[in-house]
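Q: One structure coming up, written as structure tokens, with questions to follow.
Only the coordinates and a few stated rules stand behind these numbers; no lab work does. The model shown is predicted, which means the values in this text are computed figures rather than measured ones. For neighbour counting, all protein chains shown are included, and Cβ atoms are generated from backbone atoms with ideal geometry for every residue, glycine included.
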Amino acid sequence: MGAAYDAFEPFPGATITSDDSTPSMRRMTNEWSKPVTVEEMYGDWDWEAAVAAVDRSLDPRPSSSIIDMFGALGPGPGDVVLDIGGRDAANGLEIAKRYGCRVISVDPAEANIADGQVAIAEHEFGELVEAVHGFIEEIPAADGAFDFVFSRDMFAHVADAERALGECARVLAPSGLMLFHQVFATDRLEPIEAAEVIGHTAAVPERFSVEGFESAAVAAGFSIENVDVVGSEWYEASQEAGTASNYLLQVSRLRRNKAALIDEIGEVAYRVVYGNALWTINQILGKLESRVYTLRRN
Ligand SMILES: C[S@@+](CC[C@H](N)C(=O)[O-])C[C@H]1O[C@@H](n2cnc3c(N)ncnc32)[C@H](O)[C@@H]1O
């Protein structure tokens, strides 16, 4: 074995046996006590029955279940909600429709605000929702202006976590609740995979740390009331419903047809579509995981 093998450090806690002959075998022993043998692989078990068991649905929650999770916090008519990083106000409109509360959807991208204003004008509950230009680092609202904050899939873009969460605490009423969704890295994500997915999605590497987020939330004046590790569940639901793109097929085409695609759609579009597919695939592989936190302002 060469230098790369000699230099290889297994994950902490890995059980190394003298039979391990490659780095990948060493890693495998982190989870399984030994590799499958040829005899076991082609042995006395039923392939069809095994695949049928795996193909059974686990009745996954769809991504829209985040609106139910928000509803469980008890919003109602008379409450004012901040949807931070609300893009085109789609979540804000759904929250207004389901719970009758007012929603201010704040986003820094002018194109998102324009789309939001169109969506609001056309929506039956649009009079309850407003799309406002702004940043989480400097929320355009008075202290204690909101009863709830909703934050979905936007925090990866944020450079200063403590400042951003401090702003969320500032604009919340005392004891107000924040429902916070973000994707985090697990210890399965390799550095090269992290660099690729983060680099293509305008994300900040430090935001993928669970420990980093939890300590920033506490430092900003929140108590963590609940953590729901959604993992890849939402993607199971969209795959079963047939509503998701085939992200693996996309990656294969993006890789094989790189030059022509960049020529046709531009480098930024190429990279963001690639990053979005990797974002999803890495969640399915357990290298990234969705989490939904309930935070209470102290
Ligand atoms: C992946 S989208 C999610 C949008 C929406 N929350 C949803 O779940 O559909 C991320 C959003 O974060 C917004 N964003 C990026 N940086 C931000 C910042 N510093 N403050 C507030 N929003 C930000 C982007 O403009 C974008 O709309």
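Q: In what sequence do MET69, MET178, MET154 fall when counting other Cβ within 10 Å, fewest first?
A: By the 10 Å Cβ count, ascending, the order reads MET69, MET154, MET178.
Q: Compute the normalised compactness of the range 140-298: alpha-carbon radius of gyration over 2.2 N^0.38 Å, N being the residue count.
A: Rounded to two decimals, the normalised Rg is 1.16.
Q: What does the net charge come to around LEU177 if you take all other residues with beta carbon closer than 11 Å to its beta carbon, with K and R at +1 and D and E at -1?
A: Cβ neighbours under 11 Å give a net charge of -1.
Q: Using a Gaussian network for the chain with springs between C-alpha atoms less than 10 Å apart, which of these wobbles most: ALA53, ALA156, ALA145?
A: ALA53
Q: Pairs of alpha-carbon atoms within less than 8 angstrom and 6+ residues apart define the contacts here; what relative contact order does the chain have, in percent?
A: 17 percent
Q: OK, next. Helix check for the chain. Which DSSP H runs span at least 15 Å along their own axis by Cα, with a mean Kyte-Doolittle hydropathy no less than -1.0?
A: 110-122, 161-171, 267-284
Q: Hey, fewest Cβ within 10 Å first, where do HIS133, HIS200 land in order?
A: HIS133, HIS200
Q: How long are the semi-axes of the equivalent ellipsoid of the chain, defined as square roots of 5 times the Cα gyration tensor eigenvalues? Whole Å, largest first.
A: They are 39, 23, 21 Å, listed largest first.
Q: Could I ask something else about it? Among 85-91, 74-80, what's the highest-first ranking by average C-beta atoms within 10 angstrom per residue?
A: By packing density, highest mean first, the sequence is 85-91, 74-80.
Q: Neighbouring Cβ atoms within 10 Å as the yardstick, rank SER65, SER290 fewest first.
A: SER65, SER290
Q: While we're looking at this one, here's another question. Per DSSP H run of at least 4 residues, take -39500 (n - 2.57); add these up for the chain, divide by its residues and hand me the 222 nm value, nearest 500 deg cm²/dmol.
A: The helix contribution divided over the chain gives -12000 deg cm²/dmol.
Q: How many percent of DSSP beta bridges within the chain run antiparallel, rounded to 5?
A: Values: 18 of 38 bridges.
Expressed as a percentage, antiparallel bridges in the chain total about 45.
Q: What does the extension gain come out to for ALA72 and GLU127, with contour length at 0.36 nm per residue minus their alpha carbon separation?
A: Residue separation times 0.36 nm, minus the Cα-Cα distance, leaves 17.5 nm.
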